[in-house]
1. When you go through Glu146, Glu82 one by one, which is the residue that is closer than 19 Å to Val298 by Cα and in a helix (DSSP H, G or I)?
2. Considering the range 94-118 alone, what residues qualify as being among the aliphatic types (A, V, I, L, M) and buried (at least 17 other Cβ atoms within 10 Å of the Cβ)?
3. From Gly411, Gly403, grab the single residue that is more than 8 Å from the ligand (Cβ to nearest atom) and in contact with an Asp or Glu (Cβ under 7 Å, 6 or more places away or on another chain).
4. Can you tell me which of Leu48, Leu85 is surrounded by 18 or more Cβ atoms within 10 Å (Cβ to Cβ) and over 27 Å from Ile203 (Cα atoms)?
5. Could you list, in sequence order, all residues of the range 296-309 that are more than 7 Å from the ligand (Cβ to nearest atom) and either touching a strand residue (DSSP E or B) at 6+ places or on another chain (Cβ under 8 Å) or under 21 Å from Asp173 (Cβ atoms) (or both)?
6. Pro188: crowded, with 17+ Cβ neighbours inside 10 Å, touching a helix residue (DSSP H, G or I) at 6+ places or on another chain (Cβ under 9 Å) and not aliphatic (A, V, I, L, M), yes or no?
7. Among Ala13, Ala57, which is part of a helix (DSSP H, G or I), among the hydrophobic types (A, V, I, L, M, F, W, C) and surrounded by fewer than 22 Cβ atoms within 10 Å (Cβ to Cβ)?
8. Exactly one of these conditions fails for Ala174: (1) out of contact with any Phe, Trp or Tyr (no Cβ under 9 Å at 6 or more places or on another chain); (2) crowded, with 16+ Cβ neighbours inside 10 Å; (3) without any contact (Cβ under 8 Å) to a residue 60 or more places away in the chain; (4) not in a loop (DSSP other than H, G, I, E, B). Give me its number.
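Each reported figure results from applying straightforward, stated rules to the coordinates on display, with no laboratory input. Not measured: the values here are computed from a predicted model. Cβ: placed from backbone, ideal geometry, glycine included. Neighbour counts: every protein chain shown.
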Amino acid sequence: MKAALILATQQFAEHPAYVDDEVEEFFFIESAPRFAKLPYHRHKIVLLVSAMRHTAARLEAEGRTVRRITLDDDLTFKAGLERLLKKHHVSRLTWMSDPNRPVDERIARICADHDVDTDVLSDGLFLTPEEDVDGWFAEHPTPLMEDFYHWQRRRTGILMDGGKPAGRRWNFDAENRKALPKKGVEIPPLPQLAHDEITRGVIAEVDELFPGHPGAAEEFWLPVTPEDSRDWLDVFVAERLHDFGRYEDAMKADEPFLFHAIISPMLNIGLLTVEEVVAAATRTDAPLASVEGFVRQVIGWREYMRGMYRAHPKLEHVNALQLEQRIQKYWYSGERMPKDLPIPVRTVLERVHRWGYAHHIERLMVLGNWFLLQGYAPRQVNAWFLALFVDAYDWVMVPNVMGMSQFADGGFVATKPYVSGGAYLQKMGSWWPSAQDAKDSAFTEAYWEFLERHEDVLAGNHRLGLALAQMRKRRDAKE
Ligand code: FAD
């Protein structure tokens with residue numbers, strides 16, 4: 001009997017196994033011990049389990065045979081799969097390749113141990129086929145995102161105009177990345193979704209089974225079906241895409257979402273596909289600067305980071321600056337935060353506990369920046385992001401956290417560390433009452449100390465020349 005294993009992160013409306021006539025049964029595994037491996041935010045567990053149960057219900061309604069391991073079976077993924085393979089006399093198993101190492105190898109090993117033949121389908125979470133992305137990285141020992149992005153645009157024809165980029169420019173940064181003006185910009189609220197019976201059931205189970213995990217399950221806020229995800233995307237395109245580019249890097253103390261799409265939680269588990277996101281964004285009459293800025297994130301940055309993860313497995317273990325500070329309990333519990341935690345860090349941390357989400361510039365320039373300035377061990381930081389964020393998986397965390405944000409690779413993914421003092425944060429987010437408060441903040445102090453501490457390693461980096469010169473001037477003036 002041929003069965004298909006539908007992994008938690010592959011809740012596609014159209015999974016290729018659904019049209020494989022030989023497949024007789026569909027397997028879903030909700031592994032409670034897997035969800036207990038780290039203190040995952042409860043919204044992340046609710047999202048994955050509820051999405052799986054909705055897919056299973058849809059298949060059953062279509063008359064398909066579904067076999068499930070549920071949370072209350074309390075089985076590891078391996079034990080769950082073994083039970084399904086044995087109980088249902090499987091001779092061949094098909095599944096879609098998982099982007100995270102070493103999931104495919106593990107499944108293949110379990111199948112081999114049980115004399116089950118395998119069929120691995122190519123990964124549908126991305127636009128670029130595995131061999132193409134691997135080929136590009138093999139040809140580019142110094143892989144620059146901008147080159148990758150041009151290749152993607154040319155290869156796919158997205159936002160291209162007869163061989164040339166639409167609008168005759170690849171990049172509209174000059175028009176983008178502004179701070180929010182103090183008044184006059186209205187930020188449309190996110191859609192409010194009601195929980196259906198399935199999600200209500202999952203919320204109750206998650207509360208019961210994972211009492212020590214962060215997040216309030218009943219405040220879960222995301223779509224869990226492809227249809228609702230599609231509506232959610234359409235609302236973004238209609239209401240927020242217009243201003244996405246302009247305020248992409250802006251921050252605001254009382255606004256967690258601004259003009260961001262909030263699609264990564266769904267995109268990373270197949271509820272949305274890259275193809276439909278790009279089609280929706282390029283069909284509008286939003287300004288080209290915004291559309292291009294957004295498309296660059298989705299077909300550029302996202303696919304580039306996945307390629308980086310595939311091509312450079314060593315990124316998982318690097319620690320170029322040899323940072324060892326351990327993450328304290330309050331980062332996971334959200335309780336008893338130190339009183340002197342700078343206001344942007346405290347605000348974004350509270351936000352992450354509430355939503356399991358913060359937008360890109362808050363991840364990079366508030367949380368990541370603070371972690372790096374304070375000297376936290378990169379793998380500890382990576383594990384924290386993995387646990388707390390609803391959209392976090394190894395393939396995307398490792399290059400973003402270890403590489404881009406924590407400079408643990410010594411400058412491979414990003415050519416300089418993303419660090420700043422209070423002035424940049426104040427400019428983009430008005431976090432403190434005044435510019436002077438920002439200048440006097442712990443952030444600014446930590447920034448200069450960081451440059452001083454790592455002067456030797458950073459001295460050769462031409463992008464930091466000015467900052468290091470300022471630091472030395474400041475140090476000389478103090479002596
Ligand atoms: P938008 O700002 O609306 O952008 C649209 C889409 O572009 C995103 O949904 C995402 O799919 C894609 N995208 C943009 N930048 C990146 C990037 N650098 N890498 C991958 N995709 C990108 N992204 C995740 O999907 N999961 C993570 O766990 C994650 N952790 C991050 C941790 C750090 C320290 C940093 C600096 C970045 C991280 N990112 C992660 C990338 C990015 O911050 C998020 O994809 C984005 O904030 C998701 O929110 P959104 O859907 O509102 O994105």
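1. On the way: Glu82 fails: closer than 19 Å to Val298 by Cα.
Sole residue among the options that is closer than 19 Å to Val298 by Cα and in a helix (DSSP H, G or I): Glu146.
2. If the condition is that a residue be among the aliphatic types (A, V, I, L, M) and buried (at least 17 other Cβ atoms within 10 Å of the Cβ), then Met96, Ile107, Ile110, Val116 are the ones that fit.
3. Working: Gly411 fails: in contact with an Asp or Glu (Cβ under 7 Å, 6 or more places away or on another chain).
Exactly one residue qualifies, and that residue is Gly403.
4. On the way: Leu48 fails: over 27 Å from Ile203 (Cα atoms).
Checking each option against the conditions leaves just Leu85.
5. Residues satisfying the conditions are Arg296, Ile299, Gly300, Glu303, Tyr304.
6. On the way: crowded, with 17+ Cβ neighbours inside 10 Å: no; touching a helix residue (DSSP H, G or I) at 6+ places or on another chain (Cβ under 9 Å): yes; not aliphatic (A, V, I, L, M): yes.
Criteria not met by Pro188.
7. Ala57
8. Answer for Ala174: the failing condition is (2).
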